[in-house]
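J.: I'd like to ask you about the structure that follows.
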Amino acid sequence: MTATAKKHTDIELPTRPLTPGFGVEILDFDASTASPAELAAFDAVCRSNSVVVLRNQALSAAQVVGLSSRLGRLSSQHRDGPHPEFPQISILSNKKIDGKLIGIHGIGRNWHTDGTTYKVLGLTTMLYGVECPPEGGDTLLADTAGAFAALPPERQAELEKIQVVHSRAVLINKYKKFKIDENAESMKDVIHPIVVASPVDGRKALFLTKGSTKGIVGMADDAAMALMSELIEFATQDRFVYHHTWKAGDVLIWNDLSTVHTATDFDDSRYDRIVYRAWARPYELVSQTSAEEEIGPAH
Ligand SMILES: [Fe+2]
């Protein structure tokens, strides 16, 4: 090992827990001026935590692309709200210029997981706050590994047998503003277990969402949706939740295989909110991702 490479592994960034056992804030870190060694240490924190927060950043859109690309290959984001210069970024915003929304507004206001309709799971979501209201517009993240661990062993064993059918068409149908094209209709459903292994620490985690859920293998539809609702309610109790109150300059990163998340409302008649979102697929999964999987909403 070279001296430089060794130095990369020697640096450890200071962190503090967001909640006991779930997520960290990296302290004293400026992503725009960080050295290669510090960035390597940032990568290590992101690999080993379900949620990572940076405060007080000042990033251009290009720097948001650069930082999020460290987490994986960015989705091409062929959907509403692409950044005009960097289409890998989706703009989440209620702001209008010349009467036209600059991004997509009003999505994600219920507990869900991003990236559930990929055939091979694995997605990291990164948000960057450009302009944030003084109240509302929060992001809540629940620890689905912690929630699974809190279940009785016999319930855990039952759930590990459950397979959920996820459908892109079902998902798109829930967003009236998106028209289903033949592509989406012809896309095959995918089946994922409701208990997955968290990539950050290998613990078992509940993999929960309603948006794309079409059913559960071997279960009546009503019972399937009732089970999904029950588990989301269980996993999103306060004891499992980190509540992020935004300030401009915040970066919020989460692994979608060990969390479930929601946005909260804000008074969009009084405040503007602009948040950049990037979705990153681990580079080792890129070859297993089809072009069709990159199209359309993935909530
Ligand atoms: Fe989301």
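The values are calculated or read from the model by the stated rules, or taken from the named source; none is laboratory data. Just so you know, these numbers come straight off a predicted model, no measurement behind them. Cβ placement follows ideal geometry from the backbone for every residue including glycine, while neighbour counts extend to all protein chains displayed.
J.: Across the range 85-96, what is the number of residues that are more than 13 Å from Arg273 (Cα to Cα) and surrounded by fewer than 20 Cβ atoms within 10 Å (Cβ to Cβ)? Walk me through how you get there before you give the answer.
T.: Just the residues of the range 85-96 that are more than 13 Å from Arg273 (Cα to Cα), to begin with: 85-90.
Filter once more, so that each one left must be surrounded by fewer than 20 Cβ atoms within 10 Å (Cβ to Cβ): 85-87.
So the answer is 3.
J.: Name the residues in the range 105-129 that are more than 16 Å from the chain's Cα centre (by Cα) and either outside any loop (DSSP other than H, G, I, E, B) or within 16 Å of the ligand (Cβ to nearest atom) (or both), would you?
T.: His105, Gly106 - these are the residues of the range 105-129 that are more than 16 Å from the chain's Cα centre (by Cα) and either outside any loop (DSSP other than H, G, I, E, B) or within 16 Å of the ligand (Cβ to nearest atom) (or both).
J.: Inside the range 89-104, can you point out the residues that are within 16 Å of the ligand (Cβ to nearest atom) and either of a type in the set (D, E, K, R) or assigned to a strand (DSSP E or B) (or both)?
T.: Of the range 89-104, the ones within 16 Å of the ligand (Cβ to nearest atom) are 89-93, 103-104.
Ile89, Ser90, Ile91, Leu92, Ser93, Ile104 - these are the residues of the range 89-104 that are within 16 Å of the ligand (Cβ to nearest atom) and either of a type in the set (D, E, K, R) or assigned to a strand (DSSP E or B) (or both).
J.: Failed condition for Gly249, given (1) touching a helix residue (DSSP H, G or I) at 6+ places or on another chain (Cβ under 6 Å); (2) not in a strand (DSSP E or B), with all others met?
T.: Against the list (1) touching a helix residue (DSSP H, G or I) at 6+ places or on another chain (Cβ under 6 Å); (2) not in a strand (DSSP E or B), Gly249 comes up short only on (1).
Residue by residue, here is whether (1) closer than 25 Å to Thr289 by Cα; (2) modelled with pLDDT of 90 or more; (3) crowded, with 18+ Cβ neighbours inside 10 Å; (4) of a type in the set (Val, Ile, Thr) holds:
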position: Val120; (1), (2), (3), (4): yes, yes, no, yes
position: Pro134; (1), (2), (3), (4): no, yes, no, no
position: Val165; (1), (2), (3), (4): yes, yes, no, yes
position: Phe178; (1), (2), (3), (4): yes, no, no, no
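J.: Contact list please: Cβ distance under 8 Å, first residue in the range 102-115 and touching a residue at least 40 places away in the same chain (Cβ under 8 Å), second residue more than 11 Å from the ligand (Cβ to nearest atom) and β-branched (Val, Ile, Thr), pairs at least six apart or on different chains.
T.: Going by the 8 Å Cβ cut-off, the qualifying pairs are Ile102/Ile91; Ile102/Ile274; Gly103/Ile91; Gly103/Ile274; Arg109/Thr264; Trp111/Ile232; Trp111/Thr236.
J.: For His244, state whether it is closer than 30 Å to Ala61 by Cβ and either in contact (Cβ under 8 Å) with a residue 12 or more places away in the chain or not small (Gly, Ala, Ser) (or both).
T.: yes
J.: Also, quick follow-up: Conditions: (1) within 11 Å of the ligand (Cβ to nearest atom); (2) in a loop (DSSP other than H, G, I, E, B). Phe86 meets all but one. Number of the miss?
T.: (1)
J.: What pairs come out if I take residues in the range 203-231 that are over 16 Å from Ser258 (Cα atoms) and pair them with residues that are among the small types (Gly, Ala, Ser) and not in a strand (DSSP E or B) whose C-beta lies under 7 Å away, six or more apart or interchain?
T.: That search, which allows pairs on different chains as well, returns Ser212/Ser167; Lys214/Ser167; Gly215/Ala224; Ile216/Ala224.
J.: For Thr262, are the conditions met, namely being touching a Leu at 6+ places or on another chain (Cβ under 9 Å), within 23 Å of Ala169 (Cα to Cα), within 15 Å of the ligand (Cβ to nearest atom) and polar (S, T, N, Q)?
T.: The answer is yes for Thr262.
J.: Quick one: which of Gly218, Gly249 is loosely packed, with under 14 Cβ neighbours inside 10 Å, modelled with pLDDT of 95 or more and small (Gly, Ala, Ser)? Spell out the reasoning first.
T.: Working: Gly249 fails: loosely packed, with under 14 Cβ neighbours inside 10 Å.
Of Gly218, Gly249, the one residue that is loosely packed, with under 14 Cβ neighbours inside 10 Å, modelled with pLDDT of 95 or more and small (Gly, Ala, Ser) is Gly218.
J.: Do we find that Asp272 is of a type in the set (Asp, Glu) and more than 16 Å from the ligand (Cβ to nearest atom) in this structure?
T.: yes
J.: A further question follows. Could you grab the pairs with beta carbons closer than 7 Å, sequence gap of 6+ or different chains, first residue in the range 30-59 and within 19 Å of Thr125 (Cα to Cα), second one among the polar types (S, T, N, Q) and assigned to a strand (DSSP E or B)?
T.: Hits for this filter: Val45/Thr15; Ser50/Asn255; Ser50/Thr259; Val51/Thr259.
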